[in-house]
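The values are calculated or read from the model by the stated rules, or taken from the named source; none is laboratory data. Computed from a predicted model, the values in this text were never measured in an experiment. A quick note on method: Cβ atoms are made from the backbone with ideal geometry, for glycine too, and the neighbour counts reach across all protein chains shown. All accessible areas refer to the heavy atoms of the entire protein, side chains included, with ligands and DNA or RNA removed. Shrake-Rupley method; radii C 1.70, N 1.55, O 1.52, S 1.80 Å.
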Amino acid sequence: EERDLLFLNTKIRTPPRGITPEDAATLARDQINEDLDILNVKNVDMLMLRDSPDPKVIQAQWAVLEEALAEGKARSIGVINYCPSALKSVLQTAKVLPAVNYIMVHVGMGSDVHGLRSLGEKAGIRTFAYGQTGEPFPNVEIGNNPILKRIGNAHGGKSPEEVSLKWVLQNGIAASIRPSSSFGKCVGEECQLGITKQTRCFDWTLKDEEMVELDAMTSPDDNPTLFSSAGCPGAFGSPEYMKAVFSKLK
């Protein structure tokens, strides 16, 4: 069937600030049913939960995802942009561990992604990466990085973006390949071409010494959970984030 050719993933919307855990659970449950109706399917392959500044809200909504899993409405459940405190909140009451934590990962952030990767993987949660070329827009520093250019040229003219993606994959981190940057946009035929170009990263391998050099890069750095809620430090729009932005403008 055509459904078997698709991996369907839906994300629970961020609950409003100040909501009670009970109401947050109702919102999550209603959205799951609404999404299944809109998609006209009986289940999705993964349900993903965004975080909240309130640990009780996280726990209440995670219980709803566990319920959906048990009812066959999802084949797996995971989390998005969970910083250490958010991960600890969900692990306190979880009966089923998140399959993945979907976070930003690119060269310059280190192979352990500020310790967040090992924290999750010690608990059995796999790291799933987005933003291999930067978020919310392509990172110019990645595209112009002389180390990435040199390594790419040594592999038949691969772009810095291809090297960045390959570094993520070769570090054993699963990666989203939604096209962006030099891979194009995820619109129509251009999307398919961008996906195809990225899958070709499986056709070549970085040398051990190249991996060591890329692992050691400390720039461009980023917050792996930049798009989390205000419950995580340095989140997009937070005072810490705005301070960092303005410091770069000086």
All but one of (1) at pLDDT below 95; (2) over 26 Å from Asn101 (Cβ atoms) hold for Trp204, so report the exception by its number.
-> (1)
Given the structure, is Ser89 open to solvent by 10 Å² or more (accessible area, probe 1.4 Å), in contact with a helix residue (DSSP H, G or I) (Cβ under 7 Å, 6 or more places away or on another chain) and part of a loop (DSSP other than H, G, I, E, B)?
-> no
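Would you say Ser118 is part of a helix (DSSP H, G or I) and surrounded by fewer than 23 Cβ atoms within 10 Å (Cβ to Cβ)?
Working: part of a helix (DSSP H, G or I): yes; surrounded by fewer than 23 Cβ atoms within 10 Å (Cβ to Cβ): yes.
The answer is yes for Ser118.
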Which condition breaks for Gly78 when tested against (1) closer than 30 Å to Ile147 by Cβ; (2) not in a helix (DSSP H, G or I)?
-> (1)
If we scan segment 93-103, do we find a residue that is part of a helix (DSSP H, G or I), open to solvent by 30 Å² or more (accessible area, probe 1.4 Å) and out of contact with any Gly (no Cβ under 8 Å at 6 or more places or on another chain)?
-> yes
Near pairs, Cβ below 7 angstrom, 6+ apart or cross-chain, from segment 143-169 (over 15 Å from Glu209 (Cα atoms)) to any residue that is among the charged types (D, E, K, R) = Gly143/Glu161; Pro160/Lys149
